[in-house]
Amino acid sequence: MRMAFNNSLSVLPIPAFNDNYLWLVHNGKDAVVVDPGDAQPVLDTLKKHQLSLSAILLTHHHGDHVGGVEKLLKQYDVPVFGPRNDRIGSVTVPLSEGDSVNLPELGLRFSVLDVPGHTLGHIAYFSQERKWLFCGDTLFAGGCGRLFEGTPAQMLGSLEKLAALPDDTQIYCAHEYTLSNLKFAKEIEPDNEKLITRIKDEQAKRDRGLPTIPSTMELEKMTNPFLRTTQDAVSEKLIREQKVSSKEPIAVFAALREWKNSYK
């Protein structure tokens, strides 16, 4: 189904818990929410902006992404789009790669990508028209998600799939982890000028109380070590630190993720 491009769409970040973002896409009347881990902030935002919820989109099964769904469904009878293979009972429209999500109220369409690693059934939503990517806990600004269920090879494959999207893709991830991620990135590439500039820019946003998200795919490819496993500067740093013995990308990625898990 072809839908007209809607110039009036906006994406609102709804802060929740300590560092989550629940994303609300709306046109001034109708709205869809991505990964509503907590219902009340979503309900408050809908009321504040006089919006009606028309759909719920889920990326994976963790509680801080799905915990508010049941409460929302008590007030709104809407479809729940989510991963086919990630154990979410509230999903009414199960999805996997190759499927698409059509949201006629918003004139918006998403392609679905399988991005296993953080969880085995994790999916992401990409709008080709908007260049919007809602990727849950797979790709973060400056980092990537922990491997709770998948393997390093799966997660690296998922990140490579996302990195192949257009450079101007806007990345709406689910957590405000950017500054801590970039601190680790600078440990890996202390001479990366793009990274040094980015740290200053993102710190300035946080000092003003602004989100660092969305990021762009171009910026991630220049500054995010988890998208730079084939760069000599990254692999050679890990070799010098005796965290890996080769430049093989999966080994480099696995060593990066292991180091980040305990990095302070």
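The values are calculated or read from the model by the stated rules, or taken from the named source; none is laboratory data. What you see is a predicted model, and the numbers here were worked out from it, not measured in a lab. Quick reminder, even Gly has a Cβ in these numbers, built from the backbone with ideal geometry, and neighbours come from all protein chains shown.
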Self-check item: Complete set of residues in segment 69-90 that are among the polar types (S, T, N, Q) and farther than 15 Å from His122 by Cα
Solution: Gln75, Ser90
Quiz item: Among the residues of segment 23-36, how many are crowded, with 22+ Cβ neighbours inside 10 Å, free of Cβ contacts under 8 Å to residues at least 40 places away in the same chain and either touching a Gly at 6+ places or on another chain (Cβ under 6 Å) or over 16 Å from Arg109 (Cα atoms) (or both)?
Solution: 1
Quiz item: For Gly121, are the conditions met, namely being modelled with pLDDT of 95 or more, closer than 20 Å to His61 by Cβ, in a loop (DSSP other than H, G, I, E, B) and out of contact with any helix residue (DSSP H, G or I) (no Cβ under 7 Å at 6 or more places or on another chain)?
Solution: yes
Practice problem: May I ask you to verify whether Leu165 is modelled with pLDDT of 95 or more, farther than 24 Å from Phe17 by Cβ, not small (Gly, Ala, Ser) and not in a helix (DSSP H, G or I)? | Solution: yes
Quiz item: Which residue pairs have Cβ atoms closer than 8 Å, lie 6 or more positions apart in sequence or on different chains, and pair a first residue in segment 44-60 that is under 16 Å from Pro15 (Cβ atoms) with a second residue that is of a type in the set (Val, Ile, Thr) and surrounded by 14 or more Cβ atoms within 10 Å (Cβ to Cβ)?
Solution: Thr45/Ile14
Practice problem: Those residues that are crowded, with 16+ Cβ neighbours inside 10 Å and either modelled with pLDDT under 95 or not aromatic (Phe, Trp, Tyr) (or both), I need them from segment 80-98; list them, please. | Solution: Val80, Gly82, Pro83, Arg84, Asn85, Asp86, Ile88, Val91, Pro94, Leu95
Quiz item: Do you know which of the residues in segment 157-180 that are among the aliphatic types (A, V, I, L, M) and under 15 Å from Phe140 (Cβ atoms) is surrounded by the most Cβ atoms within 10 Å (Cβ to Cβ)?
Solution: Ala174
Quiz item: Out of segment 119-166, which residues are aromatic (Phe, Trp, Tyr) and over 14 Å from the mean Cα position of the chain (by Cα)?
Solution: Phe148
Quiz item: Counting residues that are in contact with a Phe, Trp or Tyr (Cβ under 8 Å, 6 or more places away or on another chain), which strands (runs of 3 or more DSSP E) fully inside segment 1-104 reach at least 2?
Solution: 10-16, 20-26, 30-34, 52-57, 93-95, 100-103
Exercise. From Thr230, Thr223, grab the single residue that is polar (S, T, N, Q) and crowded, with 21+ Cβ neighbours inside 10 Å.
Key: Thr223
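Do we find that Glu160 is out of contact with any strand residue (DSSP E or B) (no Cβ under 8 Å at 6 or more places or on another chain), assigned to a helix (DSSP H, G or I) and under 20 Å from His122 (Cβ atoms) in this structure?
Yes.
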Quiz prompt | Number of the condition not met by Ile171 [criteria: (1) assigned to a helix (DSSP H, G or I); (2) among the aliphatic types (A, V, I, L, M); (3) touching a residue at least 40 places away in the same chain (Cβ under 8 Å); (4) under 24 Å from Pro36 (Cα atoms)] | solution = (1)
Exercise. Filter segment 109-120 down to residues that are crowded, with 19+ Cβ neighbours inside 10 Å and more than 14 Å from Asp35 (Cβ to Cβ), then give me how many there are.
Key: 6
Quiz prompt | Test for Ala174: is it closer than 22 Å to Leu133 by Cα and not charged (D, E, K, R) | solution = yes
Quiz prompt | Top-ranked residue of segment 144-156 - restricted to ones that are buried (at least 22 other Cβ atoms within 10 Å of the Cβ) and of a type in the set (A, V, I, L, M, F, W, C), ranked as nearest to His122 (Cα to Cα) | solution = Met155
Exercise. Could you check how many residues of segment 181-214 are loosely packed, with under 14 Cβ neighbours inside 10 Å, of a type outside the set (A, V, I, L, M, F, W, C) and not in a helix (DSSP H, G or I)?
Key: 4
